[in-house]
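Structure first, commentary second.
Values in this text are rule-based calculations from the coordinates and carry no lab data. Being a predicted model, the structure only gives us computed values, none of them experimental. Positions of Cβ are backbone-derived with ideal geometry, glycine not excepted, and every protein chain shown enters the neighbour counts.
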Amino acid sequence: MAEERRGSWFGFGFCGFGQALGSGRGRQVHSPEPLQTPGEDADVCRVSASWSYTAFVTRGGRLELSGSAGCAAGGCRDAWASEALLVVLRAGPGRGAGTELQAWAPGSALSGEPLWAHTVGPEAEGEDAPGGEPQAGALPLLPGARAYVSPRPPFYSPLAPELRARRLELGAEHALLLDEAGQVFSWGQGRHGQLGHGTLEAELEPRPLEALQGVPMAEVAAGGWHSVCVSETGDIYIWGWNESGQLALPSRSLAEVGKTAAGEASGPKEDGSDVRTAEGESGGLAPFIAIQPFPALLDLPPGTDAVKASCGSRHTAVVTRTGELYTWGWGKYGQLGHEDTSSLDRPRRVEYFVDKRLQSFLFSTDQSNQNVNCPGRKKNQYIFLKGKYTHFNLFLRIYLYFKNRTCIRLSSMADTDQIHAGEF
């Protein structure tokens, strides 16, 4: 790994294919380590990870892949990695031509012709934010927030105009959308309760979560088969599959690892959750929850408010208003960042970042949820955290804000086993 310095990115988790720049192959990184960014002066502004490779985009428009797929290309505004497709948003030919959405086979090295392409008109893009980043949503939400892209057909899907999306997240089989009013919608497969409607049925079209009506949300995140949202007041709501403790609820698999599960009985609760029991250490029956089909309120330590959340396939991460990072769920590859490979069914603070003394001063976004504004911010003195995950990966980016105050943003995707973090 590279030397730690101000402005570094950090990575931890599974790096068997060299997914983290400079990590080498065949490694599991259990605690954050600084990454080797592409070039000494490269300012990586976006990261997207799939299971076996990672896409890095610099503020200057350079795209670099690391892992099982490797290449470099210019003229890129955003990239979204999956095992099936690498989707790239590139500048169109000529001034005023808009941008072009391209889908490539990950191993193609972006040579030849893309598998498919779609032109995004300049009217859908909006103006760029300070620092050169577009105001429109990051992939998979397209510029203008009128459509999104997925790794399976139909690759390009328009959104109903009345949804007025400001954020969209994709899980393995479901989608979450946050609209401008803070209302959450979900659709797709629901067999693990990941839609939050109280059933295990699929939904073909976006459906609002009735359980969250009247509670404006600021963030949404989709894991493989679970979902998280953060309210404007800092509360966390979580639902879906709890196989590895990713809901911070008692998990059967963790009980079995601890040799506390010898048998089970099961039965649905009135709220629809699948509650089961296992023999505990004292010989009594200890309950665990396999599926939580309704949003459940999750408590962090007293006095701790969340501002951002992100999910891996079977783990969850939350950033607090005071700049602390909590992770839980599946930890087999060290992706929780706790210097071990333990899985957890309760939130645990990542101690590595405690001495960074990060604090969240004020967090605000524009309607597309892509700009972070810090009143009183001085030039080149700000903090900004952003992330994308896949499967069990999480990527974080942190910039320092003057007087140790921070603005934090965490975004996600869904398909890998590592965490990347950065601190300026």
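Quick one: which residues, 5+ away or cross-chain, put their amide H under 5 Å from the amide H of GLY331? H built at 1.01 Å from N.
SER343, LEU344
With a cut-off of 8 Å between alpha carbons and a minimum separation of six or more residues, what is the relative contact order of region 138-261 in percent? Don't skip to the end; give the middle numbers.
Values: 256 pairs, mean separation 20.0, N = 124.
About 16 percent, as a whole number.
Applying a 10 Å radius around every beta-carbon, put 223-231, 140-148 in order of their mean neighbour count, most first.
Packing proxy ranking, top to bottom: 223-231, 140-148.
Would you calculate the separation in nanometres between label points at ALA181 and TRP116, each defined as 7 Å from the Cα along the Cα-to-beta-carbon direction?
For ALA181 paired with TRP116, the spin-label model returns 3.2 nm.
What is the calculated FRET efficiency for TYR156 to THR322, with r their C-beta to C-beta distance and R₀ = 51 Å, to the nearest 0.05? Each step should come with its number before you reach the end.
Details: r = 40 Å, r/R0 = 0.79.
Result of the calculation: an efficiency of 0.80.
Applying a 10 Å radius around every beta-carbon, put 300-308, 82-90 in order of their mean neighbour count, most first.
Put in order of decreasing packing, that is 82-90, 300-308.
Let me make sure I get this right: for region 144-193, a, b and c are the square roots of the gyration tensor eigenvalues over alpha carbons, sorted descending. Under 1.5 in a/c it's rounded, otherwise prolate if a/b > b/c, else oblate. Which is it? The partial results should precede the final answer.
Working: a/c = 2.34, a/b = 1.21, b/c = 1.93.
Oblate, since a/c reaches 1.5 and b/c is not below a/b.
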